[in-house]
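Chemist: Quick one: the structure is below, questions incoming.
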Amino acid sequence: MTALWSSPERRSERCPSCAEERAFEQPPCAEGHEPGQCPEWACVDCGHAVMLAAAETIRPARQLVTASA
């Protein structure tokens, strides 16, 4: 099977769906990350998506504060 998209960033990871080492590429980022900075990667064989990011690149979620009645 050919790659699902063209990407300058490619890495080898174990794919949970294929159960083997596979090439992963970054799909086009809809969130505006620069090429190579998006944590989302997908297997070029089956399309299984995973989030791969270093701990320092993950920002904590904002906590929602509500007023009590």
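Chemist: Right, residue 19: of a type in the set (A, V, I, L, M) and at pLDDT 65 or above or not? Outline the logic, then answer.
Modeler: Values: of a type in the set (A, V, I, L, M): yes; at pLDDT 65 or above: yes.
Yes, satisfied.
Chemist: Also: Restricting attention to segment 10-32, report how many residues are basic (Lys, Arg) and in contact with a Cys (Cβ under 8 Å, 6 or more places away or on another chain). Spell out the reasoning first.
Modeler: Kept after step one, since they are basic (Lys, Arg), are these residues of segment 10-32: 10-11, 14, 22.
From the residues that got through so far, the ones that are in contact with a Cys (Cβ under 8 Å, 6 or more places away or on another chain) too are 22.
Total meeting the criteria: 1.
Chemist: Does segment 6-44 hold any residues that are in a strand (DSSP E or B) and polar (S, T, N, Q), and which are they? Spell out how you get there, then give the answer.
Modeler: Within segment 6-44, the subset in a strand (DSSP E or B) is 10-15, 20-25, 40-43.
12, the sole residue that qualifies.
The values are calculated or read from the model by the stated rules, or taken from the named source; none is laboratory data. All of these numbers come straight from a predicted model, not from anything done at the bench. For neighbour counting, all protein chains shown are included, and Cβ atoms are generated from backbone atoms with ideal geometry for every residue, glycine included.
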